[in-house]
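The structure appears below as structure tokens.
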Amino acid sequence: MGIGLTQIKHVKLPVTDLKRSASWYRALLELELVTEYVEDGEVRGVSLLDREAGFEIALRQREYCAGQPWLAGFDVFALRSPTRELVIAIAERCDGLGVEHTEVWDLPGYGAGFDIPDPDGTLVRIVWHDPHGGFASGFLGVATDAEGRPAPYREPRLNLGDTPAG
């Protein structure tokens with residue numbers, strides 16, 4: 001349902017080496033450099049765009065971010081693939097470019113995906129959702145066991161209520 005917004009415009013990631021990370025994201029995802037952000041005469045951030053898909057990944061030099069975030073090993077965002085086959089093709093693209101990634105996982109009733117650590121270790125998640133599973137029928141939870149194996153569940157465990165927190 002929602003309130004009428006149509007998509008996320010961009011995600012912004014703090015990076016330790018702006019040029020290295022911008023080059024990495026451009027090469028991996030074939031993104032276009034559309035904006036640079038200059039402060040004190042130095043480029044401190046960039047926006048990279050996929051015009052066809054309509055999303056941007058913005059990068060900012062980490063030492064100029066508030067709070068000095070550390071995101072290694074965490075997926076700040078996920079990119080949706082329209083098909084399972086594209087997930088596999090992107091994993092193969094990573095192999096061809098020499099880009100490290102996890103194995104592709106399949107979760108019946110949910111979909112398939114994998115993670116790609118960027119140059120700072122922040123995970124880029126590529127996900128395909130099974131159109132006949134999980135989200136198509138409402139809620140789908142995913143629990144991970146001690147060995148890291150995911151398992152689906154159907155009833156929410158977190159009671160959010162109907163009103164926003166004040």
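Identify, from the list Phe139, Phe114, the residue that is closer than 15 Å to Leu28 by Cα, outside any helix (DSSP H, G or I) and either modelled with pLDDT of 95 or more or not assigned by TED's automatic domain parsing to the domain that holds Ala22 (or both). Give the derivation first.
Numbers: Phe139 fails: closer than 15 Å to Leu28 by Cα.
The conditions single out Phe114.
Exactly one condition in (1) modelled with pLDDT of 90 or more; (2) exposed (fewer than 11 other Cβ atoms within 10 Å of the Cβ); (3) in contact with a Phe, Trp or Tyr (Cβ under 8 Å, 6 or more places away or on another chain) is not met by Glu155; state its number.
That leaves (1) as the condition not met.
Where in region 17-90 are the strands (runs of 3 or more DSSP E), entirely inside, with at least 3 residues that are in the same structural domain as Pro131 (by TED's automatic domain parsing)?
Numbers: elements: 32-39, 42-50, 55-61, 75-80.
Strands (runs of 3 or more DSSP E) meeting the threshold: 75-80.
Among the numbered criteria (1) loosely packed, with under 15 Cβ neighbours inside 10 Å; (2) touching a residue at least 12 places away in the same chain (Cβ under 8 Å), which one does Gly98 miss?
(2)
The values are calculated or read from the model by the stated rules, or taken from the named source; none is laboratory data. None of the values given here were measured: they were computed from a predicted structure. For neighbour counting, all protein chains shown are included, and Cβ atoms are generated from backbone atoms with ideal geometry for every residue, glycine included.
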